[in-house]
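One structure is given here, and the rest of the page talks about it.
Every number in this text was worked out from the coordinates using simple rules, so none of it is lab data. Since the structure is predicted, the reported quantities are computational estimates derived from the model, not experimental observations. Using ideal geometry, Cβ is built from the backbone for each residue, glycine included, and neighbour counts are taken over all protein chains shown.
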Amino acid sequence: MSLSGIPSTGRILEIGCGSGQATIPFARRGYRLLCIELGENLAAVARHKLAAYPLVKVQTGAFEDWSIQEGAFDLVVAATAFHWLDPAIAYPKAACALRTGGAIALFWNLHIHTDDTSPHFFEAVQQLYCRFAPELVKDDKPLPRPDEVEDKTGEIEQTGLFGKVAIRKYRWDVVYDAASYIRVLNTYSGHLNLNKTKRQRLFRAIAELIDTQFNGCITKGYLTSLYVARRQ
């Protein structure tokens with residue numbers, strides 16, 4: 001929060017809150033939040049998770065169609081969601097929602113390839129997605145290494161709407177057993193949007209893969225890339 005300069009009583013606009021996973025840390029700090037989520041089911045999940053925080057409101061709809069509250073927010077955030085939007089619309093609208101000196105904070109958590117994790121798991125699990133949930137298969141490209149992840153700095157600066165971009169990158173690994181990995185998948189918007197039967201079949205297949213071919217646990221490598229810039 002130090003990068004954004006948001007005051008303790010600040011107001012946050014979150015674009016694409018999904019199930020509310022990234023929203024909760026802000027809510028716990030007492031910030032006022034307006035969350036815009038396109039999916040009705042995801043918005044319902046987020047409302048349930050955030051019911052204990054009266055300063056948080058979840059609104060269903062597309063950010064592109066949202067009736068803008070000009071200059072009403074100290075911070076605009078998007079957690080692994082901003083790439084779904086048309087940048088020609090999203091950046092100007094986000095800037096307009098910010099007060100002068102307010103900040104935009106975009107971050108992505110990406111699964112990456114490292115030599116000390118479980119790269120063969122990704123290859124094996126992709127076959128299960130192709131079989132049980134092909135709509136979640138984006139492409140067959142290998143996982144990127146940390147230095148191959150796309151940098152968004154130029155895209156943000158080229159809008160001319162924000163000042164110098166501060167970037168922070170964090171590498172981290174997580175060890176999952178079958179149950180904990182399925183719990184994580186059950187927070188992803190794409191998986192939540194699957195019908196219940198299809199989701200259950202996919203999860204059973206993934207759990208069996210982990211238990212039978214990976215000795216009951218896998219290690220996944222992640223890179224979190226955070227970009228923060230103040231409105232001009």
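Enumerate the pairs (first residue in segment 152-177 and part of a loop (DSSP other than H, G, I, E, B); second residue anywhere and surrounded by 14 or more Cβ atoms within 10 Å (Cβ to Cβ) and among the charged types (D, E, K, R)) with beta-carbon separation below 7 Å, excluding pairs fewer than 6 apart on the same chain, so at least 6 apart or on different chains.
From residues that are part of a loop (DSSP other than H, G, I, E, B), the pairs are L161/R231; G163/R230; V165/E157.
Here are the criteria: (1) more than 29 Å from R230 (Cα to Cα); (2) in contact with a strand residue (DSSP E or B) (Cβ under 9 Å, 6 or more places away or on another chain). Tell me which single one K141 does not satisfy.
Result: K141 fails condition (2) only.
Looking at this structure, is E150 within 20 Å of the chain's Cα centre (by Cα), within 23 Å of L223 (Cβ to Cβ) and surrounded by 13 or more Cβ atoms within 10 Å (Cβ to Cβ)?
It is false that E150 is within 20 Å of the chain's Cα centre (by Cα), within 23 Å of L223 (Cβ to Cβ) and surrounded by 13 or more Cβ atoms within 10 Å (Cβ to Cβ).
Can you name the residue in segment 75-97 that is assigned to a strand (DSSP E or B) and buried (at least 23 other Cβ atoms within 10 Å of the Cβ) and, of all such residues, is farthest from the chain's Cα centre (by Cα)?
L75
Please work out which one of (1) over 23 Å from L110 (Cβ atoms); (2) in contact (Cβ under 8 Å) with a residue 60 or more places away in the chain; (3) not polar (S, T, N, Q) is the condition A207 fails and give its number.
So A207 meets the others, but not (2).
From the set of residues in segment 172-189 that are over 13 Å from the mean Cα position of the chain (by Cα) and β-branched (V, I, T), which is farthest from G20 (Cα to Cα)?
Filtering first and then ranking leaves V175.
State all residues of segment 179-204 that are assigned to a loop (DSSP other than H, G, I, E, B) and either of a type in the set (A, V, I, L, M, F, W, C) or more than 19 Å from K138 (Cα to Cα) (or both); if no residue qualifies, say none.
Once the filter is applied, which keeps residues that are assigned to a loop (DSSP other than H, G, I, E, B) and either of a type in the set (A, V, I, L, M, F, W, C) or more than 19 Å from K138 (Cα to Cα) (or both), segment 179-204 yields only L194.
List every residue pair whose Cβ atoms sit under 8 Å apart, with the two residues 6 or more apart in sequence or on different chains, where the first one lies in segment 179-192 and is without any contact (Cβ under 8 Å) to a residue 24 or more places away in the chain and closer than 17 Å to L128 by Cβ and the second, anywhere, is crowded, with 16+ Cβ neighbours inside 10 Å and of a type in the set (V, I, T).
L185/I206
So that you can scan it fast, the table gives a plain yes or no per residue for (1) of a type in the set (S, T, Y); (2) in contact (Cβ under 8 Å) with a residue 40 or more places away in the chain:
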{"residue": "E64", "(1), (2)": "no, no"}
{"residue": "S67", "(1), (2)": "yes, no"}
{"residue": "F73", "(1), (2)": "no, yes"}
{"residue": "A88", "(1), (2)": "no, no"}
{"residue": "P92", "(1), (2)": "no, yes"}
{"residue": "L98", "(1), (2)": "no, yes"}
{"residue": "G101", "(1), (2)": "no, yes"}
{"residue": "H111", "(1), (2)": "no, yes"}
{"residue": "T114", "(1), (2)": "yes, yes"}
